Amino acid sequence: MCSSFIIIRKLHSFAVINILYLCPRYGMTITECPNYRYFIQQKNKKRMDFLELAKNRYSCRNYQSKSVEREKLNYIMECVRMAPSAVNRQPWKFRIINSKEDREKLCQCYNREWFATAPVIIIASILHDEEWVRADGKHHGDIDIAIAVEHLCLAATEQGLGTCWVCNFDAVLCKELFGLDSNEEAAVLIPLGYPADELKEKNRKATEEIIKEL
């Protein structure tokens with residue numbers, strides 16, 4: 001069996017059909033096929049390890065006007081869906097704000113010039129009637145939503161996009177403007193888009209300040 005066919009067998013099945021059947025039909029050799037070249041590029045593409053990913057995530061406060069591709073948005077939200085939560089309650093809802101009209105409405109809740117540059121803004125809400133409550137009365141919805149939002153931010157970073165946690169907004173007005181249910185609390189706004197600023201050096205506490213071994 002030739003080496004080209006062995007490589008092709010490892011590719012996505014739809015691309016295999018294109019490569020094996022459509023390319024000869026259009027007079028292309030296998031290596032001339034765009035699908036073949038694309039998948040070889042993806043195969044050889046270096047992916048960030050987790051530490052690199054964490055270091056590259058930052059609070060982006062300026063965005064390009066370029067739209068976020070639907071494929072990337074779907075990928076990011078699938079990463080959010082996979083986030084863990086206490087007792088697997090998943091007490092959250094995410095509203096994706098795309099339209100200019102709705103983004104302008106949201107800017108009433110957080111009136112910052114840089115915030116308005118984001119082509120997508122996501123409202124992350126806690127569903128208080130679904131969150132787990134510990135025996136001592138501690139509600140875990142705020143913890144759960146934080147885990148899910150950071151999944152969102154890290155996935156966006158992996159896809160070459162910028163995000164920022166925004167918590168200092170008018171949550172009451174947001175609830176009114178977007179008709180959130182009575183059990184629902186808007187906890188975080190996450191602008192999303194291609195960065196127009198750059199990662200700055202991070203200032204973090206030293207390891208020995210935050211870790212204690214017993």
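Filter the stretch 141-160 for residues that are in contact with a helix residue (DSSP H, G or I) (Cβ under 7 Å, 6 or more places away or on another chain) and buried (at least 21 other Cβ atoms within 10 Å of the Cβ); which is nearest to K55 (Cα to Cα)?
Ranking the qualifying residues of the stretch 141-160, first place goes to T157.
Can I126 be described as in a strand (DSSP E or B), crowded, with 21+ Cβ neighbours inside 10 Å and touching a strand residue (DSSP E or B) at 6+ places or on another chain (Cβ under 7 Å)?
Yes.
Within the stretch 89-119, count every residue that is within 22 Å of I147 (Cα to Cα) and either polar (S, T, N, Q) or touching a Ser or Thr at 6+ places or on another chain (Cβ under 8 Å) (or both).
Residues in the stretch 89-119 being within 22 Å of I147 (Cα to Cα) and either polar (S, T, N, Q) or touching a Ser or Thr at 6+ places or on another chain (Cβ under 8 Å) (or both): 6 in total.
Among what's in the stretch 44-71 and is in a loop (DSSP other than H, G, I, E, B) and among the acidic types (D, E), pick the residue that is modelled with the highest pLDDT.
Across the stretch 44-71, the extreme among qualifying residues is E69.
Tally the residues that are open to solvent by less than 20 Å² (accessible area, probe 1.4 Å) and of a type in the set (D, E), restricting the search to the stretch 184-214.
So the answer is 1.
If you scan the stretch 95-130, which residues turn out to be among the hydroxyl-bearing types (S, T, Y) and under 15 Å from L173 (Cβ atoms)?
Y110, S125
Give the number of residues within the stretch 136-193 that are in a loop (DSSP other than H, G, I, E, B), within 15 Å of I76 (Cβ to Cβ) and not hydrophobic (A, V, I, L, M, F, W, C).
2
Does C109 qualify as being open to solvent by less than 50 Å² (accessible area, probe 1.4 Å) and within 16 Å of C167 (Cα to Cα)?
yes
Hey, does the stretch 75-96 have a residue that's over 19 Å from E185 (Cα atoms) and in contact with a Gly (Cβ under 6 Å, 6 or more places away or on another chain)?
No, there is no match, as no residue in the stretch 75-96 is over 19 Å from E185 (Cα atoms) and in contact with a Gly (Cβ under 6 Å, 6 or more places away or on another chain).
Taking the condition of being of a type in the set (S, T, N, Q) and within 18 Å of L161 (Cα to Cα), how many residues in the stretch 112-145 meet it?
Adding up the residues that qualify gives 1.
The values are calculated or read from the model by the stated rules, or taken from the named source; none is laboratory data. Being a predicted model, the structure only gives us computed values, none of them experimental. Every residue, glycine among them, receives a Cβ derived from its backbone with ideal geometry; neighbour counts consider all protein chains shown. Surface areas here come from the heavy atoms of the whole protein model, side chains and all, with no ligands, DNA or RNA. Shrake-Rupley method; radii C 1.70, N 1.55, O 1.52, S 1.80 Å.
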